[in-house]
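J.: Below is a structure I'd like to ask you about.
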Amino acid sequence: MKKTVAAPKSALSKAGARKTGARKSGTPKKVIGKLVVFGVGLIGGSFALALKQKRAVGHVVGVGRTRANLLAAKRLGIIDEIATDAAAAVRDADLVLLAVPLAQNAAVLALIAPHLGPKTIVSDAGSTKRDIIKQARRHLGDKFSRFVPAHPIAGTEKSGAQAAFAELYRDHELIITAERETDPRAVAKVAAAWRIAGMRINRMRAADHDRMFALVSHLPHIVAYALVGQIAGYRDAQTLLAHTGGGFRDTTRIAGSSPEMWRDVCLSNRDALLPALDDYIAEFERLRGLLVTNDAAGLEARFASAREIRARWLKYK
């Protein structure tokens, strides 16, 4: 990396006298002056940490339900300030990020809407988009153009401020589902912040997003929870679980995710998730039929097809 040589003090003094002011050589420009994060957990906390690591944010304010979690976030350097008045905190914010469980979004939007500054951008990080867009339209009114619906495709099964880490988003995808009224400058600001966090930016329609993630994300979580629930329902569940191996552990890893968050995701996206679940049940019925008829060739062909598709997917992942 090329070493930056500091300018002489006299040169800095002269530059500082100019009307526009000056930054020291090598000091990155702040993309966001003040960031307010509602929900300082894995998602919101990692976003703040990523921007702090790149020195792209000036001041981070945390808002949340649990003071213990906010105190942990401040101790870990994720936030600089705990908001005691959420409405006051957003007035002079450059960006407000909603990273709370989906069922809380409407209440947060209603709370902050009257207090948003004329240039404040609001965005979210939820994994369903049609619901939040509808809520933002209702509560933000004429400020809706500064709402940028977004979904960072990254995460782990852990939650809370202590799960946050700056590298979470590196080399992952952010999907923005902007509406026709969305201010392009707001979209550009949000995209720039997430790029600094390490993400690639993609755009799509909210309905297309919700159908896609019902199939590739929300359904797998239901499957993981269901598999654990099935085993737990047997009288000898403890013995069964004591003999599980890597296959069960890998398949059910995401059942360690926040139940509150995934409850909200499933209900928010139920219109897209129900058809996906019906198709999955139909696939199980096909496999069951092959077992009933003792169709070894049919089972092997089904498994081989799935294996080949997965291998191709991993090759280009």
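The values are calculated or read from the model by the stated rules, or taken from the named source; none is laboratory data. This one's a predicted model, so the numbers in the text were calculated from it and none came from an experiment. With ideal geometry, Cβ positions are generated from the backbone for all residues, glycine too; neighbour counts draw on all protein chains shown.
J.: Looking only at the stretch 297-315, decide whether some residue is among the hydrophobic types (A, V, I, L, M, F, W, C), within 25 Å of Glu157 (Cα to Cα), assigned to a helix (DSSP H, G or I) and in contact (Cβ under 8 Å) with a residue 24 or more places away in the chain.
T.: So far as the stretch 297-315 goes, no, none of its residues is among the hydrophobic types (A, V, I, L, M, F, W, C), within 25 Å of Glu157 (Cα to Cα), assigned to a helix (DSSP H, G or I) and in contact (Cβ under 8 Å) with a residue 24 or more places away in the chain.
J.: Is it the case that the stretch 195-206 has a residue that's among the polar types (S, T, N, Q) and surrounded by 17 or more Cβ atoms within 10 Å (Cβ to Cβ)? Let's see the steps before the verdict.
T.: As a first pass, look at the stretch 195-206 and keep what is among the polar types (S, T, N, Q): 202.
Now restrict to residues that are surrounded by 17 or more Cβ atoms within 10 Å (Cβ to Cβ): none.
So far as the stretch 195-206 goes, no, none of its residues is among the polar types (S, T, N, Q) and surrounded by 17 or more Cβ atoms within 10 Å (Cβ to Cβ).
J.: Of everything in the stretch 124-143 that's closer than 14 Å to Asn269 by Cα and among the aliphatic types (A, V, I, L, M), which residue is farthest from the chain's Cα centre (by Cα)?
T.: Looking at residues that are closer than 14 Å to Asn269 by Cα and among the aliphatic types (A, V, I, L, M), I get Ile133.
J.: Determine which member of the set Gly141, Gly117, Gly155, Gly77 is on the phi > 0 side of the Ramachandran plot, free of Cβ contacts under 8 Å to residues at least 40 places away in the same chain and assigned to a loop (DSSP other than H, G, I, E, B).
T.: Values: Gly141 fails: assigned to a loop (DSSP other than H, G, I, E, B); Gly117 fails: on the phi > 0 side of the Ramachandran plot; Gly155 fails: free of Cβ contacts under 8 Å to residues at least 40 places away in the same chain.
Of Gly141, Gly117, Gly155, Gly77, the one residue that is on the phi > 0 side of the Ramachandran plot, free of Cβ contacts under 8 Å to residues at least 40 places away in the same chain and assigned to a loop (DSSP other than H, G, I, E, B) is Gly77.
J.: Next question. Since Ala192 meets every condition but one in (1) in the same structural domain as Val31 (by TED's automatic domain parsing); (2) under 23 Å from Ala276 (Cα atoms); (3) small (Gly, Ala, Ser); (4) surrounded by fewer than 19 Cβ atoms within 10 Å (Cβ to Cβ), which condition does it not meet?
T.: All conditions pass for Ala192, except number (2).
J.: Give the number of residues within the stretch 31-56 that are part of a strand (DSSP E or B) and surrounded by fewer than 24 Cβ atoms within 10 Å (Cβ to Cβ).
T.: Residues in the stretch 31-56 being part of a strand (DSSP E or B) and surrounded by fewer than 24 Cβ atoms within 10 Å (Cβ to Cβ): 3 in total.
J.: Now a separate question. Has the stretch 170-187 got at least one residue that is assigned to a helix (DSSP H, G or I), modelled with pLDDT of 95 or more, on the phi < 0 side of the Ramachandran plot and surrounded by 15 or more Cβ atoms within 10 Å (Cβ to Cβ)?
T.: Yes, the stretch 170-187 contains at least one residue that is assigned to a helix (DSSP H, G or I), modelled with pLDDT of 95 or more, on the phi < 0 side of the Ramachandran plot and surrounded by 15 or more Cβ atoms within 10 Å (Cβ to Cβ).
J.: Given the conditions (1) touching a residue at least 60 places away in the same chain (Cβ under 8 Å); (2) assigned to a loop (DSSP other than H, G, I, E, B); (3) surrounded by 21 or more Cβ atoms within 10 Å (Cβ to Cβ), which single one is not true for Asp131?
T.: Here Asp131 clears every test but (2).
J.: Does Tyr234 meet the test of being touching a helix residue (DSSP H, G or I) at 6+ places or on another chain (Cβ under 7 Å), outside any loop (DSSP other than H, G, I, E, B), free of Cβ contacts under 8 Å to residues at least 40 places away in the same chain and of a type outside the set (A, V, I, L, M, F, W, C)?
T.: The answer is no for Tyr234.
J.: Still on this model: Checking Asp210 against (1) more than 30 Å from Asp131 (Cβ to Cβ); (2) part of a helix (DSSP H, G or I); (3) at pLDDT 95 or above, which test does it fail?
T.: Of the numbered conditions (1) more than 30 Å from Asp131 (Cβ to Cβ); (2) part of a helix (DSSP H, G or I); (3) at pLDDT 95 or above, the odd one out for Asp210 is (1).
J.: Okay, next question. Please work out if Ala88 is of a type outside the set (S, T, N, Q) and either in contact with an Asp or Glu (Cβ under 6 Å, 6 or more places away or on another chain) or under 30 Å from Val216 (Cβ atoms) (or both).
T.: no
J.: Just for the stretch 132-169: of the residues that are modelled with pLDDT of 95 or more and among the basic types (Lys, Arg), which one is nearest to Met261 (Cα to Cα)?
T.: Applying the filter and picking the extreme gives Lys134.
J.: Something else now. Which one is farthest from Val216 (Cα to Cα) among residues in the stretch 232-270 that are β-branched (Val, Ile, Thr) and exposed (fewer than 15 other Cβ atoms within 10 Å of the Cβ)?
T.: Among residues in the stretch 232-270 that are β-branched (Val, Ile, Thr) and exposed (fewer than 15 other Cβ atoms within 10 Å of the Cβ), the one farthest from Val216 (Cα to Cα) is Thr239.
J.: Picking from Leu299, Leu277, Leu287, which residue would you name as being under 25 Å from the mean Cα position of the chain (by Cα) and over 24 Å from Gln104 (Cα atoms)? Outline the logic, then answer.
T.: Details: Leu299 fails: under 25 Å from the mean Cα position of the chain (by Cα); Leu287 fails: under 25 Å from the mean Cα position of the chain (by Cα).
Checking each option against the conditions leaves just Leu277.
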